[in-house]
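Heads up, the thing below is written out as structure tokens.
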Amino acid sequence: MELKLYNTLTRTKETFTPINELVRVYSCGPTVYKYAHIGNLRTYIFMDLLVRILRYDGFNVKNVMNITDVGHLLSDGDEGEDKMERSAREQQKTPYEIADEITAQFFKDIDSLNIKRPTITPKATENIPEMIEIVQELLKKGYAYEIDDGIYYDVSKFNGYGKLSRINLDDQKAGARVGVNSQKHNPIDFALWKKAEPNHIMQWDSPWGKGYPGWHIECTAMSFKYLGKHFDIHTGGVDHIPIHHENEIAQGEATTGFKNTNYWMHSEFMLFDGGKMSKSLGNCYTVTELAEKGYSPIDFRYFCLNAQYRQKLNFTFDGLASAKIAYERLLAQLRAHNECNEKTDLDILEKYKQEFIEAINDDINVPMALGVLWKMVKEPKSKDIYSLALEMDKVLGLNLDKLYEIKDEQTIDENIISIAQKRLEVRKAKDWKESDRLREQLKQLGYNIKDTNNGYELEKIQ
RNA sequence: GGCACCAUAGCCAAGUGGUAAGGCAAAGGUCUGCAAAACCUCUAUGCCCCGGUCCAAAUCCGGGUGGUGCCUCCA
């Protein structure tokens, strides 16, 4: 089965052919100035699915995701403030404290979403010399120039600029904002290195005095350092196509003289109630906030798995609720399979396995793969089906191996328990009137009670 | 204004030339004192509209309409 992946560069699905036996994947990671929201996290779930599928297909994978902890300016390429510095100022902490805090939370979040940690997650601040080296190289080759506030990339010197996003440079220039006071040669030239104001906290020595790196150079430097100058796949969100990745191509290809990335892959945005979800609009949620509303990170992962990564996904709480219910029922079905000792014919199992493999290899069609799982689960119960589901879960990452974990161990008040116990007794005596009264009482106290074969279940009303 | 993507049942969403996956909701049923849960069954003669190509179109082509995103920081 060959793996097909959609390459943004060619705008077609291509058969994936690795450069050598080690598949190398670079993913643009978070800028750690603010907590990641669920829209951000969708992109990392996409990255995770890609890597899991590559591994499922038998490839050895080395993947790198950067942690941007410096140099991401508010206004790209222009005179914006560094996001880290601003966040630090607002919270009266140092940029390093912010970075540590947000980075720790980020890893907690992706762990909770079953996103496998990348092989390496380098920090920008730990790779400054490598960045300086590339900037020097670009200066030497005539692709960069120095002005009062830093070193800039001269976009007009690079022929291929715009090939990823397919924008016409002239059109862009016509409509672009013109930096009146800027010494930049072209309005879209971007900063490789910024000279630091004395009060700028994060700064390093460089051939051009104290300063800090531009955002785009970080990814070029770290991908080259950890994956080499020619690697297989580069992932990120669609918003990175026009500027960030265009700039990376410009930097990398100008430095090396050859193509650095074979496949560019981008995940679409998550919408909120049909509109944009972004930090600047303030309509985003974190996994922590979802948890407070009673949705686990895996519920959210399941929600994301329902749509293909190249389609916009509209987030609503109704949608998430439906995903949660579906996921719980899936687990219930699998429990029944696991507890059954029947067998399933090999050819039936093989059929589902093949359908599943076909789906994931067709540009990560996980919604279809989930559909295959559901159809399989509706087959007569058997342990074999559960075993195959577990194998599929290597890709899906839905904790299908944890069928019996107690959900959230909420401590339920003793008073509530004693009412429930009392109700159990009166039910045995068939005193339905009292039973209904106690059920209503529990409801008033915030709990729904459900009768089961040999007892009851209490559920806190959200 | 330029560029890109999208339009499939009440909702989410697969399907890109061969006669509409899957999930949620709704409906019917089993179970139950009732309820809830669970389980079973079922749900689009049609895929935004109008033309065209083809034996065959949700799928390809042309023209509309509507939506979203980017061109300013964003995953």
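Using the Karplus curve 6.51 cos²θ - 1.76 cosθ + 1.60 with θ = phi - 60°, work out ³J(HN,Hα) for each residue of segment A:28-38 in order, rounded to whole Hz, and write x for Gly and Pro.
Once θ is set to phi - 60°, the couplings for segment A:28-38 become 5, x, x, 8, 8, 10, 8, 4, 5, 9, 5 Hz.
If the viscosity is 1.002 mPa s and the temperature 20 °C, what Stokes-Einstein diffusion coefficient in µm²/s follows for segment A:237-373 when Rh is the Kirkwood radius over Cα pairs?
For the chosen part, D equals 118 µm²/s.
Give the residue from A:TYR302, A:THR31, A:THR94 lying farthest towards the positive end of the charge dipole for chain A; charges sit on Cβ (+1 for Lys and Arg, -1 for Asp and Glu) and the dipole is referred to the Cα centre.
Toward the positive end, the furthest listed residue is A:TYR302.
Lysine pairs, Cα distance under 25 Å, 8 or more residues apart or cross-chain: how many in segment A:1-90?
For segment A:1-90, qualifying lysine pairs total 4.
If we count every other residue with Cβ under 14 angstrom of A:ASN127's Cβ, Lys/Arg +1 and Asp/Glu -1, where does the sum land?
So the surrounding residues net to -3.
Mind checking the angle between helix A:95-112 and chain A's longest principal axis? C-alpha axes, 0 to 90 degrees, to the nearest 10.
Here the helix axis deviates by roughly 40 degrees.
For n ≥ 4 DSSP H runs only, could you compute -39500 (n - 2.57) per run for chain A, divide by its residues and tell me the 222 nm figure to the nearest 500?
Dividing the helical sum by the residues of chain A leaves -13500 deg cm²/dmol.
Quick one: net charge around A:GLU440, please, counting Lys, Arg +1 and Asp, Glu -1 for every other residue with C-beta under 12 Å from its C-beta.
Once all neighbours under 12 Å are counted, the net charge is +3.
Using alpha carbon coordinates only, what is the Rg to Rh ratio of chain A, with Rh defined as the Kirkwood radius?
1.06
Over chain A, what is the relative contact order in whole percent, taking alpha-carbon pairs under 8 Å and six or more residues apart?
16
Using only alpha carbon pairs under 8 Å that are at least six residues apart, calculate the relative contact order of segment A:5-154 and give it in whole percent.
Over segment A:5-154, the number comes to 22 percent.
Quick one: 3J(HN,Hα) in Hz for segment A:234-251, Karplus 6.51/-1.76/1.60 with θ = phi - 60°, rounded, Gly and Pro as x.
For segment A:234-251, the Karplus-derived couplings read 10, 10, x, x, 4, 5, 7, 4, x, 10, 4, 6, 4, 5, 4, 4, 4, 5 Hz, x marking Gly and Pro.
Give, rounded to the nearest 20 debye, the magnitude of the charge dipole that segment A:49-140 has about its Cα centre when Lys and Arg contribute +1 at Cβ and Asp and Glu contribute -1 at Cβ.
Here segment A:49-140 has a charge dipole of around 620 debye.
Let's test this: bin the Cα-Cα distances of segment A:1-140 at 5 Å from zero up to the farthest pair and state each bin's percent.
Going from the shortest bin to the longest, the percentages are 2, 8, 15, 17, 17, 15, 13, 8, 3, 1, 0.
What are the equivalent ellipsoid semi-axes of segment A:312-410, built from the alpha-carbon gyration tensor (square roots of five times its eigenvalues), in whole angstrom, biggest first?
23, 20, 11
What does the highest-first list of A:111-120, A:31-40 look like by mean Cβ count within 10 Å?
Put in order of decreasing packing, that is A:31-40, A:111-120.
Give the carbon-plus-sulfur fraction of the accessible surface of chain A in %, rounded to a whole number; probe 1.4 Å, heavy atoms of protein chains only.
48
Listed highest first by mean packing, meaning other Cβ atoms within 10 Å per residue, what order do A:414-422, A:121-129 come in?
Going by the mean number of other Cβ atoms within 10 Å, highest first, we get A:121-129, A:414-422.
Calculate the spin-label point distance for A:LEU403 paired with A:GLU391, positioning each point 7 Å from the Cα along the beta-carbon direction, and give it in nanometres.
1.7
Among A:239-248, A:375-384, what's the highest-first ranking by average C-beta atoms within 10 angstrom per residue?
Packing proxy ranking, top to bottom: A:239-248, A:375-384.
Apply 1/(1 + (r/R0)^6) to the Cβ-Cβ distance of A:PHE107 and A:ARG55, taking R0 = 22 Å, and write down the FRET efficiency to the nearest 0.05.
Efficiency computed from Cβ-Cβ geometry: 0.60.
Would you mind computing Rg(Cα) / (2.2 N^0.38 Å) for segment A:349-462, counting N as its residues?
1.59
DSSP loop trypsin sites (Lys or Arg not before Pro) in segment A:234-304 with at most 16 other Cβ atoms within 10 Å of their Cβ, which ones?
Within segment A:234-304, the qualifying trypsin sites (Lys or Arg not before Pro) (loop, at most 16 other Cβ atoms within 10 Å) are A:LYS259, A:LYS279, A:LYS293.
Measuring with a 1.4 Å probe in the full set of protein chains, what accessible area per residue, in whole Å², belongs to chain A?
I get 47 Å² per residue for chain A.
The values are calculated or read from the model by the stated rules, or taken from the named source; none is laboratory data. Not measured: the values here are computed from a predicted model. All Cβ positions, glycine included, derive from the backbone under ideal geometry; neighbour counts span all protein chains shown. SASA here: full protein model, heavy atoms, side chains in, ligands and nucleic acids out. Shrake-Rupley method; radii C 1.70, N 1.55, O 1.52, S 1.80 Å.
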